[in-house]
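As structure tokens, the structure follows; a few thoughts come after it.
Just so it is clear, none of the values below were taken in a lab; they were calculated from the coordinates. Source: prediction; values computed, not measured. Backbone-built Cβ (ideal geometry, glycine too); neighbour counts: all protein chains shown.
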């Protein structure tokens, strides 16, 4: 075998190694993406569970049901209902990205002034 033939053989081997490396990297990226998605959805599920776990408290569930039916029907419970609203606004809009979305939404479409003020007070 001549030196030129060894050179061609080495190029073929190098090309195969490059392709194998690219396949390996693609598989690792795919695996990492799946793991990230699973981790993300796990945290989302944990947050939803934390919110819905509150409905196990019958007094809290009754407060929410009564407030949904009629805010005017809340007499002694208004402060608790408003506190719950603020807690949920902080929970959902308390993150940097969520606040950025809210700021843009408020600028583009907006909420009624009283609601916008209540949300702003809850998240600031």
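Points to keep in mind about this one:
- Size of the chain as Cα extents on the principal axes (Å, biggest first): 97, 36, 20
- Order of 91, 8 - criterion: other Cβ atoms within 10 Å of each residue's Cβ, fewest first: 8, 91
- Relative to the longest principal axis of the Cα atoms of the chain, the long axis of helix 3-53 makes an angle of roughly 10 degrees.
- Degrees between helix 78-93 axis and first principal axis of the chain (Cα, 0 to 90, nearest 10): 10 degrees
- Taking other C-beta atoms within 10 Å as the exposure proxy, 119, 16 rank 16, 119 from fewest upward.
- In the chain, the longest principal axis of the Cα atoms and the axis of helix 58-69 are about 80 degrees apart.
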